[in-house]
1. Please state which one of Ser52, Ser96 is among the small types (Gly, Ala, Ser) and open to solvent by 20 Å² or more (accessible area, probe 1.4 Å).
2. Here's a check for you: in the range 99-130, which residue that is β-branched (Val, Ile, Thr) and either modelled with pLDDT under 95 or crowded, with 19+ Cβ neighbours inside 10 Å (or both) is nearest to Gln9 (Cα to Cα)?
3. Restricting attention to the range 16-43, report how many residues are within 22 Å of Ala63 (Cβ to Cβ) and not polar (S, T, N, Q).
4. I'd like to check something: does the range 38-45 contain any residue that is touching a residue at least 12 places away in the same chain (Cβ under 8 Å), open to solvent by less than 50 Å² (accessible area, probe 1.4 Å) and out of contact with any strand residue (DSSP E or B) (no Cβ under 7 Å at 6 or more places or on another chain)?
5. Looking only at the range 89-122, count how many residues are among the polar types (S, T, N, Q) and not in a helix (DSSP H, G or I).
Amino acid sequence: FDNIAASEQRHMDAIKTLLDKYAIEDPASSESGVFIDDDLQSLYGELIARGSVSELEAFMVGALIEEVDIEDLRNAIAETDNIDLQAVYGNLMDGSINHLRAFVARIEDLGIPYEAQFLTQDKIDSLLAE
């Protein structure tokens, strides 16, 4: 979790660099775990509660988040022709794929076969095989 947390901070820093470059106001709260968007705040609370149940659930929540991030990033790449954005989104997606692999490995170390939670199972199998 420490390595993934450090990586996520680097991801946030990369996005902040783009926001600054394009003079876009940062929509993120400066307070950890606090979101401006009510839906995100609610989802955060739900995922924290679910992940607090057990080690397995924490890994499952982590994997779910990475699955959603991968899909969001694929869509974001497809929706822009800005090279800077495509490069950063591509790097973020590579990180999310690596994080997904780490979570899946930990889940499977517990003797539980991983089943897709958001993406299709075929997509998960393909990402894990890369």
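The values are calculated or read from the model by the stated rules, or taken from the named source; none is laboratory data. All figures in this text were calculated on a predicted structure; none of them were measured in a lab. Note: ideal-geometry Cβ built from the backbone for every residue, glycine included; neighbour counts use all protein chains shown. Calculation scope for accessible area: heavy atoms of the full protein, side chains included, ligands and nucleic acids excluded. Shrake-Rupley method; radii C 1.70, N 1.55, O 1.52, S 1.80 Å.
1. It is Ser52.
2. Val104
3. Going through the range 16-43 one residue at a time, the tally reaches 5.
4. Within the range 38-45, none of the residues are touching a residue at least 12 places away in the same chain (Cβ under 8 Å), open to solvent by less than 50 Å² (accessible area, probe 1.4 Å) and out of contact with any strand residue (DSSP E or B) (no Cβ under 7 Å at 6 or more places or on another chain).
5. Selection size over the range 89-122: 2.
Residue-by-condition table, conditions (1) closer than 20 Å to Gly95 by Cβ; (2) polar (S, T, N, Q); (3) modelled with pLDDT of 95 or more:
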| site | (1), (2), (3) |
| --- | --- |
| Asp39 | no, no, no |
| Ser54 | no, yes, yes |
| Phe59 | yes, no, yes |
| Glu67 | yes, no, yes |
| Ile77 | yes, no, yes |
